[in-house]
């Protein structure tokens with residue numbers, strides 16, 4: 001048996017628009033971010049999702065509500081963005097993932113910490129959602145953790161192939177979780 005996951009990233013935020021990374025900071029979607037979330041729902045109206053999980057950060061919650069208004073939403077803080085600590089809300093150029101795979105951001109967490117949270121989330125859904133199709137609306141670091149955990153690749157490879165670097169955005173990424 002398996003769990004199918006459709007993973008979506010939240011819409012453009014006020015911080016994104018000004019070249020900043022939010023981390024755990026609560027930040028609203030821009031009008032463009034709202035428009036893109038609504039359009040995502042129109043593009044992906046073919047999906048038959050059983051439930052949509054979001055992080056508990058407002059940008060993911062609002063993106064999910066706009067994209068998938070008629071599907072049950074569940075917030076889960078394990079799907080939060082990486083905690084950049086002292087760098088939350090600071091310039092995008094200061095957030096260098098390659099330097100923080102094992103080493104936490106100052107007063108924050110490392111990508112391995114995010115991986116641990118996402119691994120706990122995966123174990124939870126394996127126990128509770130076998131055979132289901134789930135939507136997830138979340139952030140960069142949790143998506144890369146899904147890449148690492150489901151494709152069995154290194155953080156170095158996940159960072160190198162990150163669509164934010166390659167420009168290969170798409171309206172959702174698919175992951176499959178095997179349930180024994």
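The values are calculated or read from the model by the stated rules, or taken from the named source; none is laboratory data. As the structure is a computational prediction, the values presented were derived from the model and not from experiment. Note: ideal-geometry Cβ built from the backbone for every residue, glycine included; neighbour counts use all protein chains shown.
May I ask you to list the residues in the range 63-74 that are without any contact (Cβ under 8 Å) to a residue 60 or more places away in the chain and out of contact with any helix residue (DSSP H, G or I) (no Cβ under 7 Å at 6 or more places or on another chain)?
Residues satisfying the conditions are 65, 69, 70, 72, 74.
Restricting attention to the range 40-67, which residues are part of a loop (DSSP other than H, G, I, E, B) and more than 16 Å from residue 129 (Cβ to Cβ)?
Across the range 40-67, the qualifying residues are 44, 45, 46, 55, 56, 57.
Somewhere in the range 107-125, is a residue within 19 Å of residue 6 (Cβ to Cβ), in contact with a strand residue (DSSP E or B) (Cβ under 8 Å, 6 or more places away or on another chain), in a loop (DSSP other than H, G, I, E, B) and modelled with pLDDT of 95 or more?
Taking every residue of the range 107-125 in turn, none turns out to be within 19 Å of residue 6 (Cβ to Cβ), in contact with a strand residue (DSSP E or B) (Cβ under 8 Å, 6 or more places away or on another chain), in a loop (DSSP other than H, G, I, E, B) and modelled with pLDDT of 95 or more.
Can you report the number of residues in the range 10-35 which are assigned to a helix (DSSP H, G or I) and surrounded by 20 or more Cβ atoms within 10 Å (Cβ to Cβ)?
So the answer is 2.
Return the residues of the range 154-180 that are out of contact with any helix residue (DSSP H, G or I) (no Cβ under 6 Å at 6 or more places or on another chain), part of a loop (DSSP other than H, G, I, E, B) and under 25 Å from residue 131 (Cα atoms); say none if nothing qualifies.
170, 172, 180
Scan the range 149-157 and give yes if some residue there is within 26 Å of residue 88 (Cβ to Cβ), touching a residue at least 12 places away in the same chain (Cβ under 8 Å) and surrounded by fewer than 18 Cβ atoms within 10 Å (Cβ to Cβ), otherwise no.
Looking through the range 149-157, at least one residue is within 26 Å of residue 88 (Cβ to Cβ), touching a residue at least 12 places away in the same chain (Cβ under 8 Å) and surrounded by fewer than 18 Cβ atoms within 10 Å (Cβ to Cβ).
If you go through the range 75-87 one residue at a time, do you hit one that is touching a strand residue (DSSP E or B) at 6+ places or on another chain (Cβ under 6 Å) and touching a residue at least 24 places away in the same chain (Cβ under 8 Å)?
Checking the range 75-87: at least one residue is touching a strand residue (DSSP E or B) at 6+ places or on another chain (Cβ under 6 Å) and touching a residue at least 24 places away in the same chain (Cβ under 8 Å).
Restricting attention to the range 38-70, report how many residues are in contact with a strand residue (DSSP E or B) (Cβ under 9 Å, 6 or more places away or on another chain) and modelled with pLDDT of 95 or more.
Matching residues across the range 38-70 total 20.
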